[in-house]
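One structure is given below, encoded as structure tokens.
The values are calculated or read from the model by the stated rules, or taken from the named source; none is laboratory data. For clarity, every value in this text was computed on a predicted model and none was experimentally measured. For neighbour counting, all protein chains shown are included, and Cβ atoms are generated from backbone atoms with ideal geometry for every residue, glycine included.
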Amino acid sequence: MIGGGTGAFIGAIHRFAALGDGMIELVAGAFSSDPAVSAESGRNLFIDPSRVYDSYREMLEKEAALPEDLRMQFVSIVTPNFAHFEPAMLALEHGFHVLLEKPMTLNSREAIELAEKVKSTGLLLGLTHTYTGYPMVKQARQMVKEGKLGQLRKIYVHYHQGWLSRLSESEGNKQASWRTDPKKSGKCGAMGDIGTHAFNLAEYISGLEVKAINAMLNTVVDGRKLDDDGMVMLQFSEGVSGILTATQVAAGEENDLRIHIYGEDGGLEWHQMEPNTLIYKPLEGPAQIYRAGNGYLGAAASQNARTPGGHPEGYLEAFANIYRNFAMAVSARLNNEAYDDSIFDFPGVEDGVRGMAFIDHVVKSSESNEKWIPFRVEI
């Protein structure tokens, strides 16, 4: 693991997800840019001190030099956006598969270079777009693929939070500080942090690709350097239109990610804060409620559910599904075995490239003055 040491928010979540199925063992780490913090983190995690490193460069070089049956097999990178590209590239160059936090890189140039490195090495790169790991998201995807909605027509997806309604970055909030710093987060704030999740979710469930956008970014809180609010009109393939909104200044909201997909024969609705429920609304007939953990679900939803119906299952389990599925792919690669990614899928490098392209196009569109027609009334 690179990053995620003592005091880091996301590191513990990644470790919980990685270790939950007994398929992955944490054997080495460069847990912080501060060697003392890395060493402390290693002690707290009971890692062999000889495999707790002062830097990720040292870790990758020394691990690559170990015998094949001892060295690590993949690296999990859980650092802020600006520290994704270089360690991921070095890991691939040293022969290690990579599981990476999103967005994949700081900019599109880095994303493309990373994709080219993945292709040239033949190694795996997974991306923790967490919400694709939910069983009912996979059920929705399967129902769309099977034609339950008919020809798709409309997609609405929004991701609303309220935690940045004030200038928290000036109040010592570590998570706010790096997410609102262009040098660490990139050219987007809210749209890069959570808008990319909404974009990925819309493409994942629908099976369509965005072909054109019309965007407006907004910085609501005085003194903030990046957007904290925005909306995007989307044109998907097959003539489907959509709307995406992402905001972190919706005071009172916690983590309201939801998606509505409509076709000629019906619609689907899923809310992240009620993740075990998927609502299917046929054109003719009453709405139907699909619930996680039940026998009537499709193969992907069933295989990625962990508890019987009626037992809460959420964010941590969705995260764990991505880790387990990635581990299964790595294991299959190591043992020259077939791997069924139609059921045990995980986001990959192409999702990462598309996510960075989404950010670029949103910013470009938002900065353009050519998309709005003045509204005038003459009497």
Inset, instruction - Just give me the residues in region 128-151 being farther than 21 Å from SER302 by Cβ and either without any contact (Cβ under 8 Å) to a residue 40 or more places away in the chain or surrounded by fewer than 24 Cβ atoms within 10 Å (Cβ to Cβ) (or both), in sequence order. - result: GLY150, GLN151
Legend entry - Counted residues, region 61-111 - those being part of a helix (DSSP H, G or I), among the aromatic types (Phe, Trp, Tyr) and under 20 Å from SER50 (Cβ atoms): 0
Inset, instruction - Consider GLU40 carefully, then state whether it is more than 27 Å from ASN173 (Cβ to Cβ) and of a type outside the set (Gly, Ala, Ser). - result: no
Legend entry - helices (runs of 4 or more DSSP H) wholly inside region 139-244 that include at least 2 residues being within 22 Å of the chain's Cα centre (by Cα) and within 28 Å of PRO275 (Cβ to Cβ): 174-179, 196-206
Inset, instruction - For region 5-47, enumerate the residues that are assigned to a loop (DSSP other than H, G, I, E, B) and either of a type in the set (Lys, Arg) or in contact with a Phe, Trp or Tyr (Cβ under 6 Å, 6 or more places away or on another chain) (or both). - result: GLY5
Inset, instruction - Output the residue which, of all residues in region 240-264 that are touching a helix residue (DSSP H, G or I) at 6+ places or on another chain (Cβ under 7 Å) and small (Gly, Ala, Ser), is surrounded by the fewest Cβ atoms within 10 Å (Cβ to Cβ). - result: GLY242
Legend entry - Which numbered condition GLU58 fails, given (1) within 27 Å of ASP193 (Cα to Cα); (2) modelled with pLDDT of 95 or more: (1)
Inset, instruction - Looking only at region 282-296, decide whether some residue is in a loop (DSSP other than H, G, I, E, B), hydrophobic (A, V, I, L, M, F, W, C) and either within 26 Å of GLY22 (Cα to Cα) or not assigned by TED's automatic domain parsing to the domain that holds TYR159 (or both). - result: yes
Inset, instruction - Looking only at region 332-342, decide whether some residue is farther than 20 Å from GLY11 by Cβ, crowded, with 22+ Cβ neighbours inside 10 Å and not acidic (Asp, Glu). - result: no
Legend entry - Whichever residue in region 180-209 is acidic (Asp, Glu) and out of contact with any Asp or Glu (no Cβ under 7 Å at 6 or more places or on another chain) and, among such residues, is nearest to LEU149 (Cα to Cα): ASP193
Inset, instruction - Answer yes if at least one residue in region 295-306 is more than 24 Å from the chain's Cα centre (by Cα) and aromatic (Phe, Trp, Tyr), and no otherwise. - result: yes
Inset, instruction - Report whether or not SER50 is surrounded by fewer than 17 Cβ atoms within 10 Å (Cβ to Cβ), at pLDDT 95 or above and either within 29 Å of THR196 (Cβ to Cβ) or out of contact with any Phe, Trp or Tyr (no Cβ under 9 Å at 6 or more places or on another chain) (or both). - result: yes
Legend entry - Which listed residue, of ALA332, ALA327, ALA318, is closer than 19 Å to SER76 by Cα, among the small types (Gly, Ala, Ser), under 14 Å from the mean Cα position of the chain (by Cα) and outside the structural domain of HIS197 (by TED's automatic domain parsing): ALA318
Legend entry - Selection status of HIS311, closer than 20 Å to TYR131 by Cα and surrounded by fewer than 13 Cβ atoms within 10 Å (Cβ to Cβ): yes
Legend entry - Residue identified as of a type in the set (A, V, I, L, M, F, W, C), within 19 Å of the chain's Cα centre (by Cα), buried (at least 21 other Cβ atoms within 10 Å of the Cβ) and closer than 19 Å to ASP360 by Cα among LEU106, LEU125: LEU106
Legend entry - Matching option when the condition is modelled with pLDDT of 95 or more, in contact with a helix residue (DSSP H, G or I) (Cβ under 8 Å, 6 or more places away or on another chain) and surrounded by fewer than 21 Cβ atoms within 10 Å (Cβ to Cβ), among GLY195, GLY207: GLY207
Inset, instruction - Give me a count of the residues in region 220-238 that are out of contact with any helix residue (DSSP H, G or I) (no Cβ under 7 Å at 6 or more places or on another chain), surrounded by fewer than 17 Cβ atoms within 10 Å (Cβ to Cβ) and charged (D, E, K, R). - result: 2
